[in-house]
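To start, the structure itself, in structure tokens.
The values are calculated or read from the model by the stated rules, or taken from the named source; none is laboratory data. Not measured: the values here are computed from a predicted model. When we count neighbours, we look across all protein chains shown, and the Cβ atoms used for this are built from the backbone with ideal geometry, even at glycine.
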Amino acid sequence: MCFVSKAQDQMLRQRRHPERLSPLPHPLSLLFTRRRVRLRFLPIPVCRAEARPPRQTAWYPPAIYRLKLHRLERLEQTVSALVDRLDAQAQNRGTLTRAVQARTEERAPAEANPAPVLLIRDAATDAGVSPPGQFDSISSSTSDVISSGLVTLATAHSLLQLFRVHYGRWVRFSEHTPTETLLEQVRQSPLLLCSVLLIAVRHTTQALADELAPRLFRDAQRLVSRALLVAAQPAAHFQAVLILSLWSTTVGQQPLSIDGWLLTGYALQQGFACFPGRGGGQDAEQKDVDAACLWNHLCVAHLQYCVGTRRQALLRQEHVDRCAHPAGTGSLGNYEARMVAEVKLYWVMYTECCPQTGPVDVQAAKAALQEWKREWASLFEEPRSQFLQMGFHFAHLVAYYQSARSPQSSMDTSVMREMVDLSSTIINLAMDTADDRTRHLTDHIYHIITFSALTLCRLVHTYEEQLRMDSVSVDGLDGLVARLVRWLRCIGLPCHAAHLLSDVVASQFQKLRPEYQASDAAAGVTTQYSLSALDAALLSSNMGFYPDLIGSELFGMDDGVASWPQWS
């Protein structure tokens, strides 16, 4: 028995009894119907003589019969694909028309006297000239996600409490304000509320994150687009911008899903003119402290993106010099001091380790970094100093990396060993200092770790022979990367940025070190790098999703050794 379509059934019966059946319709006539092709059971004729009907001329040898059947199947597939394509085009046109009509019918009451360009915009939309929704981002609606029914009040309350515990110091949320009062304050800015919930929901359950996060992300994009058109923003705007920038990979589930460099750049430009100023009284002084800390955090985020994306900073030396540790930070004194230290560190990285013009002077960069370390040496003896250490090693790695990528450079043993040691140190430092706060770190920390792993993979791939001759344990380096991938996949929920970046590292590791198998858990590692959910070829075709902040040029493996300097 076999499955044959209705058209095939009709053709076979016509060959047997041509006088009884009408001519077979032209295949293109199927374009005018959308009925699903029905399948019937028909016996396949056999070659035995006793099984043949009296009219042997109506039957074909099995080989010819199968060939004709194959041709019919191919024809039906082609016609079906053509029908689907035509239907999709017609549906798009119909959807656009229906959307324009629905927008015309359900449009909110227009302003009595709209601005000239807005009047033209509305008329164009009514006429179907502009795609509906193109200007939705600058709508004057001020409803938040609670009022719209997307998030219940109870869920928002619990998510805000979670956010304040783990992230509140980044945006200077008061530790003493009741959550109910804080929620009322946050709701005054729909963008801030949406941003807070978007980060917090990634640390609840996977089901809740899958339900709310995509819709919250779309709302955040819409609200931030509208906010960029408004000057003289309140402090809540800068808090929201900082949240979206620090977790730009998390919010959209891909690196740079929100352009943090652009967003922080806008915020800094607005902050030059409208950041809260000094006033009188105790309350005003606390607001000044909060504003100064928030400004430092914005500068850190902006400079991190300038280094990570090789874009020009909107800060100048005088702005960096004004970033100082404000008095009155209380229990957050060490934290805020580290923020100022990071501003200074990333300014050194921006000016010395990856200059915008001209090649990097590695020796001058190392001298500037040592001077920075002497200035902030006391912080290296205090808790949570691993992030300053990680940034310090990352700065050296960026300097060597920039130097190695220049056309005139040559790679000698000392530079190669230094880059391998720096990458390994960063990876080990991240894993060895992991604690309960690790899953709540900013995305930039995971970008540093990922960049170090990708750099290490490329170095071992390109210079494996030279490294072995220099008594470097290549197998140990491979094992370190494999251990990092497993560690990243143990952090938080599957929607955590660490899981996404672990797939990035695993994909490149599999492509560059395909022969690797761990001696202690070969089967487990082989399963880890099968990447059934992430095709390696797909990743290389989407390099635009992975910006320079995690070394996107490392995703192009076709260049081979020629893209790196030869061993001198």
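Here are the numbers for the structure shown:
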{"read-out": "The range 356-373 - residue that is part of a loop (DSSP other than H, G, I, E, B) and touching a residue at least 24 places away in the same chain (Cβ under 8 Å) and, of those, surrounded by the fewest Cβ atoms within 10 Å (Cβ to Cβ)", "value": "356"}
{"read-out": "Selected residue [within 30 Å of residue 205 (Cβ to Cβ), modelled with pLDDT of 75 or more and not aliphatic (A, V, I, L, M)] from 161, 77", "value": "161"}
{"read-out": "Failed item in (1) surrounded by 24 or more Cβ atoms within 10 Å (Cβ to Cβ); (2) more than 22 Å from residue 243 (Cα to Cα); (3) not hydrophobic (A, V, I, L, M, F, W, C), with residue 446 passing the rest", "value": "(2)"}
{"read-out": "Any hit, the range 314-322, residues being part of a loop (DSSP other than H, G, I, E, B), touching a residue at least 24 places away in the same chain (Cβ under 8 Å) and not hydrophobic (A, V, I, L, M, F, W, C)", "value": "no"}
{"read-out": "Tally of residues being of a type in the set (D, E, K, R) and touching a Ser or Thr at 6+ places or on another chain (Cβ under 6 Å) across the range 209-250", "value": "2"}
{"read-out": "Subset of the range 226-235 [aliphatic (A, V, I, L, M) and surrounded by fewer than 20 Cβ atoms within 10 Å (Cβ to Cβ)]", "value": "228, 229, 230, 231, 232, 235"}
{"read-out": "Number of the exception - residue 541 against (1) at pLDDT below 50; (2) surrounded by 14 or more Cβ atoms within 10 Å (Cβ to Cβ); (3) on the phi < 0 side of the Ramachandran plot", "value": "(2)"}
{"read-out": "Number of positions in the range 134-153 that are outside any loop (DSSP other than H, G, I, E, B) and modelled with pLDDT under 95", "value": "3"}
{"read-out": "Some residue of the range 299-306 being surrounded by 18 or more Cβ atoms within 10 Å (Cβ to Cβ) and over 25 Å from the mean Cα position of the chain (by Cα)", "value": "no"}
{"read-out": "Selection count, the range 408-455, where residues are more than 29 Å from residue 164 (Cα to Cα) and either acidic (Asp, Glu) or within 26 Å of the chain's Cα centre (by Cα) (or both)", "value": "13"}
{"read-out": "Among the residues listed as 223, 208, the single one being buried (at least 19 other Cβ atoms within 10 Å of the Cβ) and either acidic (Asp, Glu) or outside the structural domain of residue 442 (by TED's automatic domain parsing) (or both)", "value": "223"}
{"read-out": "Hits in the range 374-404 (condition: without any contact (Cβ under 8 Å) to a residue 24 or more places away in the chain and not small (Gly, Ala, Ser))", "value": "374, 380, 381"}
{"read-out": "Answer from 232, 200 - the residue that is part of a helix (DSSP H, G or I), of a type in the set (Gly, Ala, Ser) and in contact (Cβ under 8 Å) with a residue 40 or more places away in the chain", "value": "200"}
{"read-out": "Counted residues, the range 500-511 - those being touching a Lys or Arg at 6+ places or on another chain (Cβ under 9 Å) and either at pLDDT 95 or above or surrounded by 21 or more Cβ atoms within 10 Å (Cβ to Cβ) (or both)", "value": "3"}
